[in-house]
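Working notes, beginning with the structure itself.
The values are calculated or read from the model by the stated rules, or taken from the named source; none is laboratory data. In this text the structure is predicted, and so the values were computed from the model without any measurement. Cβ: placed from backbone, ideal geometry, glycine included. Neighbour counts: every protein chain shown. Ligands, DNA and RNA are excluded from the accessible area calculation, which covers all protein heavy atoms including side chains. Shrake-Rupley method; radii C 1.70, N 1.55, O 1.52, S 1.80 Å.
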Amino acid sequence: MTIPFRAALLACAIAASAGLTGCDSLGPTLKDGAYAMERSRAGLVRKETTLADGTHLVYLEGGTGAPLVLVHGFGADKDNFTRVARYLTPHYRVIVPDLVGFGESAHRADVDYRYAAQAERLRAFVRSLGLSRIDLGGNSMGGGIAMSYAARHPQEVASLWLIDCAGIAEAPPSELAKIVTTTGENPLMITRESDFSAFLDFVMSDPPYIPGVVQDVLARERIANRALEQQVFGQIASDSVSASVRGLATPTLVLWGDEDRALSVGTVPILKTLLPNAQAVVMPHVGHAPMIERPKESAEDYLRFRDGLAKAPAAP
């Protein structure tokens, strides 16, 4: 769900005034320009690193303060967080990687994509930056990875921000789960360029405007990665972090859109049962990606949560 396009119309106007023609050439130009503008507004810079095992990772980083690592979901990439990061970089050092298998990072079919394995790869990335303790957030699959990270290394995660997170076996069946079970079709997968508009409408109640030529570019990127995405989805769909996080004391903010069709909002009370120090915010008229649909409000909720942690009395 790569959708950071407030600047798209401006980019269109610039391209048109420069005399650019042809959808195939215009789409990538608009996409790259919009990404660059959104990142600049958020104070994020693109960086690269190579892990000890040779895996190449690309990430965004900006801001100062305590490190906040944000993890994207299935079929998504680092730019899913550029909109909300604009309101976070004045307060934190925001770090947003492309997970292995997605975006600009290495696309590897030879590795495990279950939550624990992805959490360990994320931890290797975090430690490669010289960080030993972080605040951690994630959307969808990224939320499942964040929970697994915290469960496996609780002393290294100061707080969790779970945005419409996956990985909870007890979650009520979502519309997505019912469709996959009954038809075998997966609305999150892109097979044709024409699928992308329906995908946006499925995952968000209020998707931002994206020009058709840019949607086509994003669709082609997803189509090119389809085989690996099917492999990843198959592994995470049958995986759960519920048992490992039960009783996890990490302070947690759960954020959910009440119109999420991919993961049921009925997961929220289950998370509050599993995580004794969790609090929750449910956003009305929002789908699966609050940080894209309501970036300012999402950030404000998170900042209030962190402010509350800062004011809380220290544990004896």
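The table below lists the values:
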item	result
Peptide ranges 300-307, 203-210, 180-187 listed from the most packed, as the mean C-beta count within 10 angstrom indicates	203-210, 300-307, 180-187
Ser132-Ser194 FRET efficiency (beta carbon distance; Förster radius 30 Å; 0.05 resolution)	0.05
Separation in nanometres of the label points that stand 7 Å from Cα toward Cβ, at Glu221 and Ala66	3.1
For the range 157-316: accessible area per residue (Å², 1.4 Å)	44
Packing rank of 214-223, 75-84, 264-273, where each peptide gets the mean count of other beta carbons within 10 Å, highest leading	75-84, 214-223, 264-273
Helix 141-152 vs. the chain, principal-axis angle (Cα, 0 to 90°, nearest 10)	30
Protection proxy ranking of 143-149, 93-99, 55-61, 252-258 - average other beta-carbon atoms within 10 Å, highest first	143-149, 93-99, 252-258, 55-61
Dimensionless Rg ratio for the chain, taking C-alpha atoms and the 2.2 N^0.38 Å reference	0.95
The range 190-316, accessible surface, carbon-and-sulfur percent (1.4 angstrom probe)	54
Value of Rg/Rh across the range 238-283 [Cα atoms, Kirkwood radius]	0.97
Angle in degrees between helix 115-128 and the longest Cα principal axis of the chain, rounded to the nearest 10	80
Rounded accessible area of His91 (nearest 10 Å², 1.4 Å probe)	90
Pairwise label distance in nanometres, Ala117 with Thr49, each label 7 Å out on the Cα-Cβ vector	2.2
Rough spin-label spacing in nm, given labels placed 7 Å along Cα→Cβ, for Ala249 and Gln231	4.0
Cα-based shape type of the range 75-159, given that a ≥ b ≥ c are square roots of the gyration tensor eigenvalues and the cut on a/c is 1.5	oblate
Theoretical FRET efficiency, 1/(1+(r/R0)^6), r = Cβ-Cβ of Glu259 and Leu303, R0 41 Å, to 0.05	0.95
C-alpha long axis of helix 23-42 to longest principal axis of the chain, angle in °	40
Long pairs among Lys31/Lys296; Lys78/Lys296; Lys47/Lys178; Lys272/Lys296; Lys272/Lys311, criterion Cα-Cα beyond 29 Å	Lys47/Lys178
At R0 = 30 Å, FRET efficiency that the Cβ-Cβ distance of His107 and Ser40 yields, to 0.05	0.65
